[in-house]
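Laboratory data are not the source of any read-out in this text; all were calculated from the coordinates shown. Not measured: the values here are computed from a predicted model. In this analysis, Cβ positions are derived from the backbone assuming ideal geometry, glycine residues included, and neighbour counts consider all displayed protein chains.
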Amino acid sequence: MTAQLHRRMVLTGLGAAGLTGCATTPSPTPGLIRPTFQPRAFAPLITHPGRISRITVCTRPFRAQGPRIEAETVGDKRVVHNYGHGGSGWSLSWGSAAIVRELALEGGPRQIAVIGCGALGLTSALQLLRAGAQVTIYAAERTPYTRSARATGVWSPDSRIAAEASVSKDFADRWEAMSRRSWQDHHAFLGVDGDPVRFIDQYNLRGGSADTGPVGPAPETGSVGFFRSGTRLNGLAPWFREVSKTEHPFPVESVRCGPVMTFNVAEYARQLTEAFLLEGGRIVQRTFNHPSELATLAEPVVVNCTGYGARALFRDQSVTPVRGQIAWLTPQPEVTYALWYRTINMVPRHDGIVIQANGSSQMVGYGVEDETPDRDEAERALEALAPLFA
Ligand SMILES: Cc1cc2nc3c(=O)[nH]c(=O)nc-3n(C[C@H](O)[C@H](O)[C@H](O)COP(=O)(O)OP(=O)(O)OC[C@H]3O[C@@H](n4cnc5c(N)ncnc54)[C@H](O)[C@@H]3O)c2cc1C
């Protein structure tokens, strides 16, 4: 820790270990308890580029119409599609899988093949198994090699999920139902060994001399008009609040803080895989090159959770790649807060500290399929975060 930061922490009362984030005191209004927030300890993030252990890139499977969740007949198979969740695949996984479960079981037969072992494949397979079906997952890759393993790991149900102008009339209702169902189901993994899901206080920082605007790749031209949830999920997640200067050490003008749901993706995927296998599911490594190959499967019902892979497999050009990159810093278990500053997201996870530079608009990475890591992009993000800890 630098002497300056230490002094700042002492000045703000943050030097003492073990201070809590929130305590309650009786409010003057009888019958009400008003929370008062106490300063907490902030371990500084080490922003040196030498801490980068890897850089991962993946393509979000974006569809202007929103995720494809519907049944069709391909040859003699009933195929239920579940792909195209943009930047919201982990967030919406359980709710999407709940719809898929109904569609898959509607046909009658209970022998089901799930293609894909990412967030959507695992949650669909588990729900079907728990509904009494016999389920086999067929997938080219399993965790940690899926695109799902390269996600930031935050609750982001409306991130590049659809284009406002292209969705059907019932999309917003369906999206809301998926979000609410998923939010509830993720809670089953809170407090579990390995913290597959946990809440972390995120500090959204603005202003100050070092804040010269968004950091990240330049956005692609054009505008998609991404779907916005508006007020639909108001009241679902905990609130953000303004934080006074005495409660944080950051040299910025305004700070808002609130608990965000985060996913330790490595652990979450491992636990989902383990549960699926322990409860009687089977996983087979297999790559499909054409939908006609589905005919070789023994199962009469196929659930298609191939994510971005659906573009090639089902020749679905409506799946648009949206490139996203994460720089991974070696873990710092003492960093227990997340940050949003100059559109850079920092999330501390057990498997590393995630640094994602989001740039000035959601058009960043739109239509870009290239999954080559960009070291400069990663270092620019660290450079932008450094003044917060200098
Ligand atoms: C940088 C970045 C950050 C993100 N952060 C978040 C976040 O914080 N929160 C969030 O909710 N979402 C986030 N997302 C989005 C999320 O990662 C995706 O929506 C999600 O991973 C999609 O999951 P999936 O299961 O559909 O696809 P995938 O994870 O791609 O899984 C597809 C599966 O299908 C298999 N497959 C594909 N094609 C074939 C084939 N032809 N034959 C056999 N098997 C095949 C693959 O091997 C794999 O097992 C992020 C995305 C990016 C790029």
request  = Note down, for the chain, the three equivalent ellipsoid semi-axes (square root of 5 times each alpha carbon gyration tensor eigenvalue), biggest first, whole angstrom.
outcome  = 39, 23, 20
query = If the label point is 7 Å along Cα→Cβ of Thr296, which residues in region 123-161 have backbone nitrogen under 18 Å from it?
reply = 136-141
key: Rel. contact order, % - alpha carbon contacts under 8 angstrom, at least six apart, the chain   = 26
query = Which residues make up the longest stretch of the chain clear of trypsin sites (Lys or Arg not before Pro) that lie in a DSSP loop with no more than 12 other Cβ atoms within 10 Å, not counting the sites?
reply = 1-168
note = The ratio Rg/Rh over the Cα atoms of region 109-227, Rh being the Kirkwood inverse mean 1/r radius, stands at 1.03
task = Provide Rg and Dmax in Å for region 270-316, with only Cα atoms included in the calculation.
result = 12.7, 35
request  = Compute the relative contact order of region 258-390 as a whole-number percentage, counting only Cα pairs closer than 8 Å that sit 6 or more residues apart in sequence.
outcome  = 19
ask   = What are the ³J(HN,Hα) values, in whole Hz, obtained from phi via the Karplus relation 6.51 cos²θ - 1.76 cosθ + 1.60 with θ = phi - 60°, for each residue of region 89-96 in sequence order, with x given for Gly and Pro?
value = x, 5, 4, 8, 3, 5, x, 5
Residues with amide H under 5 Å from that of Arg323, placed H, sequence gap 5 or more = Arg60, Tyr366, Gly367, Val368
inquiry  = Over region 129-243, what is the relative contact order in percent, taking alpha-carbon pairs closer than 8 angstrom and at least six residues apart?
reply    = 37
key: Pairwise Cα inverse-distance average, inverted: Kirkwood Rh of region 253-293 (Å)   = 14.3
